[in-house]
1. Of the residues that make up the range 27-35, is at least one more than 28 Å from LEU182 (Cα to Cα), hydroxyl-bearing (Ser, Thr, Tyr) and open to solvent by less than 40 Å² (accessible area, probe 1.4 Å)?
2. Can you tell me which of LEU300, LEU336 is closer than 30 Å to THR458 by Cα, touching a Leu at 6+ places or on another chain (Cβ under 9 Å) and not in a loop (DSSP other than H, G, I, E, B)?
3. Are there any pairs, at least 6 apart or on different chains, whose C-beta atoms fall under 7 Å, with the first in the range 429-456 and under 16 Å from VAL354 (Cα atoms) and the second among the basic types (Lys, Arg) and outside any loop (DSSP other than H, G, I, E, B), and if so, which?
4. Among (1) within 25 Å of ASP19 (Cβ to Cβ); (2) assigned to a helix (DSSP H, G or I), there is one condition SER82 misses while meeting the rest; what is its number?
5. So which of TRP406, TRP457 ends up being part of a helix (DSSP H, G or I), under 24 Å from ARG376 (Cβ atoms), modelled with pLDDT of 95 or more and more than 26 Å from the chain's Cα centre (by Cα)?
6. Could you give every pair whose Cβ atoms fall below 8 Å, whose first residue belongs to the range 47-61 and is crowded, with 19+ Cβ neighbours inside 10 Å, and whose second residue is among the small types (Gly, Ala, Ser) and part of a loop (DSSP other than H, G, I, E, B), counting only separations of at least 6 or pairs across chains?
7. When the range 28-59 is examined, which residues are found to be in contact with a strand residue (DSSP E or B) (Cβ under 6 Å, 6 or more places away or on another chain) and hydroxyl-bearing (Ser, Thr, Tyr)?
8. Could you list all residues from the range 260-297 that are assigned to a loop (DSSP other than H, G, I, E, B), under 30 Å from LYS429 (Cβ atoms) and in contact with a helix residue (DSSP H, G or I) (Cβ under 7 Å, 6 or more places away or on another chain)?
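The values are calculated or read from the model by the stated rules, or taken from the named source; none is laboratory data. Since this is a predicted model, take the numbers as computed values, not measurements. Cβ atoms come from the backbone with ideal geometry, glycine included; neighbour counts cover every protein chain shown. For the accessible areas, the whole protein counts, side chains as well, though only heavy atoms, and no ligand, DNA or RNA atoms are used. Shrake-Rupley method; radii C 1.70, N 1.55, O 1.52, S 1.80 Å.
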Amino acid sequence: MASGSGSLMWFRKGLRIHDNPALDYASKGSALLYPLFVIDPHYMKPDPTEFSPGSSRAGLNRIRFLLESLVDLDSNLKELGSRLLVLKGEPGEILIRCLKQWDVKRLCFEYDSEPYYQAMDVKVKEYAAANGIEVFSPVSHTLFDPADIIQKNGGKPPLSYQSFLKLAGKPAWASSQLITTLSSLPPVGEFGNCEIFEVPTVEELGYEDPGQDEFTPFRGGESEALKRLKDSISDKEWVANFEKPKGDPSAFLKPATTVLSPYLKFGCLSSRYFYQCLQDVYKNVKKHTSPPVSLVGQLLWRDFFYTVAFGTPNFDQMKINRICKQIPWNDNEELLTAWRDAKTGYPWIDAIMVQLRKWGWMHHLARHCVACFLTRGDLFVHWEKGRHVFERLLIDSDWAINNGNWLWLSCSSFFYQYNRIYSPISFGKKYDPNGNYIRHFLPVLKDMPKEYIYEPWTAPLSVQTKAKCIIGKDYPRPVVSHDSASKECKRRMGEAYALNQRLNGKVSDDDLNSLRRRLEEDQNQEVKAKRKRK
């Protein structure tokens, strides 16, 4: 290849300098380097019809986190004699226009297994091949290449964590030295007539200040990611003894986990570097926890979901998804809205949903509680609806992991013990008997005595009056009774499972609709019978 020609480094995720093989390769033997990020309207354009500020795909917290990550990347590139070139538009089209204008001989970008990028990358690679441009697209967002694992498994993704671990083994790069620093980068070339921007602010993207009293306490960027990583692994005992799913979901001032997930999602932190740092800690302690519960186990869970998602067509939906049970979820918009807007009348559930809206993050056990409550636990609303809310509001929302967890928690795939339900009352109480978490995120209940804070509707009127919170006026009554709703959900799940088994998973819309009708009739008859008994 001709030396002295330009390379284009296309950033999407992988917003970092350390362990970035695409950036390393782009800078070698190139006279000029174009580090590029495209502001994609698909993720960034304000959508006033959505239920909270943001685009149709991403809430404002995540957009802000991404912009902070880009500002940090730009400043880290500047230290190496380069800078980030920001353009706006449909990324595939913009990229091809730049390749034409800048006489680039080499295009480098981190491989992305998400369907959205897979489709985009086909077009870009076709253009590059037709124009003699070399493409280098290494897998560095995950520990393993999902395609390799699927190939080892005879062309199908492994559907259990244990079978994934057996196939995966140890990563090929695990004992080699990762490139974690660069001393300098080639200068940026001429732009021609491509319009280059600085990293925009949220206001410049068209967002108004939502005037919220509380925002996510987590700042975006590689610098912040490495600082958090250093803080997390400096406590070797904590790392050695880390055991998920233990941990306190109500701890919010100092969360009980590393909160590195948003940094891994945007690739501000390399999962491979994180893995090596953890292995170094393990070498220097007497004993440590193991997968699935250890911190390395968490990174492997991430890879497991990436692999299944990559190898499963329509992974993000119930229909025509071969690993998903077909369940006649209801389409109750009122219940969905009550859950989404923190108005279910169950303070533990509502406080978690307020934390999600304000911070864009909550503890994994808190996520489990609200996902179970929406789907198979109480409301029987379709998991895809909950997934959409999480997809917009979480700063760490990751296509493979978010969909994988909703499939899991709704007992649609991976996990099938639908009788095990998180109680919206006793589960939170176990960790936080005083209700401090609820008092913080639902200040309307801050003066409710602790005996009633998880079930304020049981408080006598005199207590409600004294606490300045009348149930049904200042805070809603429960949208369902947990005991009867969870019993009804179990019955529905049992019937749906039986139908899936009888039809060997080939359940049609008609089958689902007739089961739905029968379940509704049974429920109506039960309600009538109850009234008679009363």
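1. Initial filter on the range 27-35 (more than 28 Å from LEU182 (Cα to Cα)): none.
The answer is no, given that none of the residues of the range 27-35 is more than 28 Å from LEU182 (Cα to Cα), hydroxyl-bearing (Ser, Thr, Tyr) and open to solvent by less than 40 Å² (accessible area, probe 1.4 Å).
2. Details: LEU300 fails: closer than 30 Å to THR458 by Cα.
Exactly one residue qualifies, and that residue is LEU336.
3. Hits for this filter: LEU445/ARG439; LYS446/ARG439; TYR454/LYS429.
4. Just one mismatch for SER82, condition (2).
5. TRP457
6. The qualifying pairs are ALA58/SER397; GLY59/SER52; GLY59/GLY360; LEU60/SER52; ASN61/GLY360.
7. Across the range 28-59, the qualifying residues are SER30, TYR34, SER52.
8. LEU260, THR289, PRO292
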